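Colleague: My structure is below; once you've seen it, I'll send some questions.
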Amino acid sequence: MKAMINNLELFLKEANECLSALAEYGEATDRLSQVDLQQEDVALAIDDISAIVLKREEIKERAESAQNAMVQAIWEQSEDDIKLIKSAFSGEEITYSITGDRRLAKEVIFKLLALQKDIIEKDNAMISKLTAKQNEIKVALKGLRGDKKKLDFLNVTAAVGQEAPGFEA
């Protein structure tokens, strides 16, 4: 049986790793939202977006790994510390006085929750922005298909007109 860790140092280390990865993910999301979707070279915008999305996926994997380590570290704490951590994660108000590592644990949990909320809001805004651009492109493509059909019709009509005998006076 594992010995209980009476302090929260391991949890704090893993929580800070998770916090760092989430902050980096948020920064990548900021870069993603700054990609100019109005630029002439659509391929360049797509390349920029693809590179950032790939980077975000790498960061996400690191964050998930850190989160798993953090959860494992929680279960290695004393019952009182586990209760404190669970309360902080669920947003419950801690009514008793806490100091030292316990206070740091509560603060890092609140930072994790705030950062997570911020990332979700940024992701939702980015999804809305990309969806709007996608719809704009679909409408433009639909218009271009209609223009192509008109051109094809005019080309066929012009070709048939040249082949058909005309009226001679």
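Laboratory data are not the source of any read-out in this text; all were calculated from the coordinates shown. If you're wondering where the values come from, they're calculated on a predicted model, not measured in any experiment. So basically every Cβ, Gly included, is an ideal-geometry build from the backbone, and we count neighbours across all protein chains shown.
Colleague: Between residue 72 and residue 95, what FRET efficiency follows from the Cβ-Cβ distance if R0 is 22 Å, with the result rounded to 0.05?
Modeller: E(calc), rounded to 0.05, equals 0.20.
Colleague: While we're here: For the range 1-70, calculate the relative contact order in percent as a whole number, restricting contacts to Cα pairs under 8 Å that are 6 or more residues apart.
Modeller: Computed over the range 1-70, the figure is 50 percent.
Colleague: Further question on the same structure: Please report, ordered by residue number, every helix of the chain (full DSSP H runs) that is 18 Å or longer along its axis going by C-alpha atoms and whose mean Kyte-Doolittle hydropathy reaches 0.0.
Modeller: In the chain, the long hydrophobic H runs are 42-74.
Colleague: Something else about it: Taking a threshold of 29 Å on the Cα-Cα distance, which of the pairs 122/149; 111/138; 122/148; 13/83; 86/122 fall above it?
Modeller: 122/149; 111/138; 122/148
Colleague: Given contacts defined as C-alpha pairs under 8 Å and at least six residues apart, what's the relative contact order of the chain, whole-number percent?
Modeller: Reported as a whole number, the value is 33 percent.
Colleague: Please compute the length gained on full extension between residue 131 and residue 87, using 0.36 nm multiplied by the number of residues separating them and subtracting their Cα-Cα distance.
Modeller: Length gained between residue 131 and residue 87: 12.1 nm.
Colleague: Would you please name the GluC sites (Glu not before Pro) within the range 78-107 that are DSSP coil residues with at most 12 other C-beta atoms within 10 Å of their C-beta?
Modeller: 92, 93
Colleague: Still on this structure, please answer the following. Give me the dipole magnitude in Debye, nearest 20, for the range 1-94 about the Cα centre, with unit charges on the beta carbon: positive for Lys and Arg, negative for Asp and Glu.
Modeller: 360 debye
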